Amino acid sequence: MRNLVFVALMGTAVILIVGLPETLWPRLDGRVLRMFKASLGPLAASVTLYYLGQWMGGLREDAVMNRITNWSAAVMGVLALGLALAALLAPPERFRSVFMATAVCNVLAVLPGFAASARAAMLGDRLARWMALATAVLGAMTTGLYLHGLYLHGLAMQGVAWPWLGTGTVLVTVVLTLGFFILTSDLVGVRNREQRRLARLSRIQPGMEPATQLPTGSHLLTRVEDALWTAKRRQAQVGVVALYLDNLYEPLEGDDRSSEYQILVAMAARIRRAAGFRCLVGIYHPRCFIVVITLDADRQAFAAALNRLRAYVGESIDLLGTDRGRGALCRAWAWAWW
């Protein structure tokens, strides 16, 4: 939801700044349009600053960074309201001054975002350094957009010529805008995936093996039945493979239980990689993995999947805290329903 609000506000603000609505629909109500043009940019900056603080962890990570983003977001929210009222009350010939004030406020709003990102990066947030770069791109993008907005809808009426605002400047502004949206979307996606992974690991789900998050026990059998029923409804072919690795856990030196978890996690990841994300993978017990392979057309795909499984599980595993790697050879039995 936050991503949608961010993209909608920022995208709409960019569209209004460059004057696309009045170009497409010249009869739009000028007063309402001027209000949105003057206030939507600062409002988007306010929401972006607040989301930035939440993205970097908020108060639980750093109180100073949290104050920077929250207070600057509040200030930009108040400025957005004031500029909206000014645009409504000011006559059309004075809107250029209101729009220039909006441009100054939006450009200055980049500074607290950059300061918060830089502080988070100095404190060890590896993604914050890229967010600092994104805020720098945002500053250049905002400057270019408002310069074009001022020229096209304000200064151009008075016959002021800015020869350096040509096609090259427009192209640079477009590239900066696309780069900002792509970079921020990628950074938000990476952080969201990290948060979801931590949330998943913080709780033990019934029927899921905690170390690998693969289904096990009765939950696994239910998932297998569902996969078979779905394949039958689709009239697809199904192969159910049981991988039993009888030498998966060799006698370990001392009582090192952590090595067993390392082996289990590494082997589960290898089997998942070999089977693919479309296939169901579960743990029947710590030495036996179950793989359900759905074959839509090609029977040779089943044999190819078995070969991949044998190749992946037969590789050695390097364990942390040990002086040598341990090999795990696979003995696999496969049952298939066609």
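Against the conditions (1) open to solvent by less than 30 Å² (accessible area, probe 1.4 Å); (2) within 30 Å of Arg31 (Cα to Cα), Arg96 satisfies every one except (1).
Does Trp71 satisfy the criteria of being surrounded by fewer than 19 Cβ atoms within 10 Å (Cβ to Cβ), at pLDDT 90 or above and aromatic (Phe, Trp, Tyr)? If you could, list the steps in order and put the result at the bottom.
Working: surrounded by fewer than 19 Cβ atoms within 10 Å (Cβ to Cβ): yes; at pLDDT 90 or above: yes; aromatic (Phe, Trp, Tyr): yes.
Yes, satisfied.
Screening Leu248, Leu243 for residues that are open to solvent by less than 100 Å² (accessible area, probe 1.4 Å) and modelled with pLDDT of 80 or more leaves exactly one candidate, Leu243. Within region 80-130, being among the β-branched types (Val, Ile, Thr) and more than 17 Å from Trp55 (Cα to Cα) holds for Val98, Thr102, Val104, Val107. Taking residues in region 272-294 that are assigned by the TED database to the domain that holds Arg310, and partners anywhere that are open to solvent by less than 20 Å² (accessible area, probe 1.4 Å) and not hydrophobic (A, V, I, L, M, F, W, C), the pairs with Cβ atoms closer than 6 Å and at least 6 places apart or on different chains are Gly282/Pro215; Ile290/Gly282; Ile293/Gly239. The residue of region 177-216 that is farthest from Tyr261 (Cα to Cα), among those that are open to solvent by less than 40 Å² (accessible area, probe 1.4 Å) and within 9 Å of the chain's Cα centre (by Cα), is Thr184.
Filter region 24-39 down to the residues that are hydrophobic (A, V, I, L, M, F, W, C) and either touching a residue at least 24 places away in the same chain (Cβ under 8 Å) or part of a helix (DSSP H, G or I) (or both), then identify the one that is surrounded by the most Cβ atoms within 10 Å (Cβ to Cβ). Among them, the one singled out is Ala38.
Can you find, within region 274-320, the residue that is surrounded by the most Cβ atoms within 10 Å (Cβ to Cβ) among those that are within 13 Å of Thr212 (Cα to Cα) and of a type outside the set (Val, Ile, Thr)?
My answer is Phe289.
The values are calculated or read from the model by the stated rules, or taken from the named source; none is laboratory data. Owing to the predicted nature of the structure, the values given are computational and were not obtained by experimental measurement. Note that each Cβ is placed from the backbone with ideal geometry, even for glycine, and that neighbours are counted across all protein chains shown. For accessibility, only protein heavy atoms count, side chains too; no ligands or nucleic acids. Shrake-Rupley method; radii C 1.70, N 1.55, O 1.52, S 1.80 Å.
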